[in-house]
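These notes concern the structure reproduced below.
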Amino acid sequence: MTAPLAFSAEVTRARQTGAPIVALESTIITHGMPFPQNLETARRVEAEVRAAGAVPATIAAIAGRLHIGLEPAELEGFASATGVMKLSRADLAACLASGRTGATTVAATMIAAHLAGIAVFATGGIGGVHRGAETSFDVSADLHELARTPVTVVAAGAKAILDLPKTLEVLETLGVPVIAVGQDEFPAFWSRSSGLPAPLRMDRPEEIARAHLMRARLGIGGGQLVANPIPAEDEIPRERIVPAIEAALAEAAARGIAAKEVTPFLLSRIFELTDGRSLPANIALVLNNARMAARIAAAIVTERAATPL
Ligand code: PSU
Ligand code: MN
């Protein structure tokens, strides 16, 4: 018995021709943005991947099958569905085995991408170490997945709602390369600057592709985190977003929000507290990451052909 994968027509063709493919997550659609902006954004992200010369594979569990690429009607139904599970490594199998529908987080999307032979994945921001993790122990399973599954994940850093220094420490402990694109600093999702140096810096997609392939040649396993800063014209300066973050965090603590609910709660409160200003920035950075991921995926195809293992 093999994994219950369902490929879209477009992804099936790309697999036959060896075209570059970029995986896209679906938790950002169901738990990260309000309807209908979530559907519109999902479509725009797919279009951005195509425009940059790769094929998008939006990943989601629908009625017990793990979809690698969604047909337009599936994407629409999924974006407006209610009661969709939020799936990480812990619950992916349970969801599929019971025939349910679920959105894949970074961790679950990496697992699906790897099963489907897809090397590169674009998202907004990965999960990380939450503030107060020294007492709550809330550390996203995304970090452990990066340590074990060989997929290159393009994100705009980790969300600024997190404890970024602790997130970088855990990534270092787990042996995950953190590569800032085009700058020395680790980006902070809505803002380009975090005040923290990134462990590695690369300026071109080809370098990132070669590093991905070198990890495979060395048998190291695990993925790479590509930290791609939000475009300057779209960023929300740190001092503007910090008050909204502090207020949302205080509210989450007062209401006892815990476990899987934390990230969706914070994102939707920050959206409200910034009068919606957080959303265009979030959309812009996802589009920017989709473009970068497409270039890396194309470079991996080219480099693989040039340097057989
Ligand atoms: N980034 C966003 N919006 C999101 C997420 C990330 O801009 O909704 C999601 C991703 O799916 C990520 C998840 O994997 O939040 C992390 O959740 P947690 O902190 O519960 O591990
Ligand atoms: Mn968590």
When you check Thr167 against the structure, is it within 14 Å of ligand 2 (Cβ to nearest atom), surrounded by fewer than 17 Cβ atoms within 10 Å (Cβ to Cβ) and not in a loop (DSSP other than H, G, I, E, B), yes or no?
no
For segment 294-301, state whether one or more residues are touching a strand residue (DSSP E or B) at 6+ places or on another chain (Cβ under 7 Å), closer than 16 Å to Arg192 by Cα and open to solvent by less than 50 Å² (accessible area, probe 1.4 Å).
no
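Listed residues Ala248, Ala232; which is within 16 Å of ligand 2 (Cβ to nearest atom) and among the hydrophobic types (A, V, I, L, M, F, W, C)?
Numbers: Ala232 fails: within 16 Å of ligand 2 (Cβ to nearest atom).
After ruling out the rest, the residue left standing is Ala248.
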When segment 115-138 is examined, which residues are found to be away from ligand 2 (no atom under 13 Å from the Cβ), within 12 Å of the chain's Cα centre (by Cα) and among the small types (Gly, Ala, Ser)?
Ala122, Gly124, Gly125
A careful count of residues in segment 150-177 that are within 13 Å of ligand 1 (Cβ to nearest atom), more than 12 Å from the chain's Cα centre (by Cα) and either more than 19 Å from Asn288 (Cα to Cα) or β-branched (Val, Ile, Thr) (or both) gives 5
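Go through segment 221-264 and give me each residue that's among the charged types (D, E, K, R), in contact with a helix residue (DSSP H, G or I) (Cβ under 7 Å, 6 or more places away or on another chain) and more than 16 Å from ligand 1 (Cβ to nearest atom). Before you say what the answer is, go through the steps one by one.
So in segment 221-264, the residues among the charged types (D, E, K, R) come out as 233-235, 238-240, 246, 251, 255, 260-261.
From what is left, the residues that are in contact with a helix residue (DSSP H, G or I) (Cβ under 7 Å, 6 or more places away or on another chain) are 234-235, 251.
Residue satisfying the conditions is Glu251 alone.
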In segment 200-216, residues that are of a type in the set (D, E, K, R), open to solvent by less than 80 Å² (accessible area, probe 1.4 Å) and touching a helix residue (DSSP H, G or I) at 6+ places or on another chain (Cβ under 7 Å) total 1
Restrict the check to segment 121-133 and report whether at least one residue is within 30 Å of Gly219 (Cα to Cα) and open to solvent by 30 Å² or more (accessible area, probe 1.4 Å).
no
Scanning segment 1-42 for residues that are assigned to a helix (DSSP H, G or I) and either of a type in the set (Gly, Ala, Ser) or open to solvent by less than 20 Å² (accessible area, probe 1.4 Å) (or both) gives Ala9, Val11, Ala14, Thr27, Ile29, Asn38, Leu39, Thr41, Ala42
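Which is part of a loop (DSSP other than H, G, I, E, B), in contact with a helix residue (DSSP H, G or I) (Cβ under 9 Å, 6 or more places away or on another chain) and open to solvent by 10 Å² or more (accessible area, probe 1.4 Å), of Gly99, Gly83, Gly53? Spell out how you get there, then give the answer.
Working: Gly99 fails: in contact with a helix residue (DSSP H, G or I) (Cβ under 9 Å, 6 or more places away or on another chain); Gly83 fails: in contact with a helix residue (DSSP H, G or I) (Cβ under 9 Å, 6 or more places away or on another chain).
After ruling out the rest, the residue left standing is Gly53.
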Which residues, counting only those in segment 139-159, are within 16 Å of ligand 2 (Cβ to nearest atom) and modelled with pLDDT under 95?
Ala158, Lys159
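The values are calculated or read from the model by the stated rules, or taken from the named source; none is laboratory data. Keep in mind the model is a prediction, meaning the values are calculated, not measured. FYI the Cβ positions are ideal-geometry reconstructions off the backbone, even for glycines, and counts take in every protein chain you see. Just so you know, the surface numbers come from the protein's heavy atoms only, side chains and all, with ligands and any DNA or RNA stripped out. Shrake-Rupley method; radii C 1.70, N 1.55, O 1.52, S 1.80 Å.
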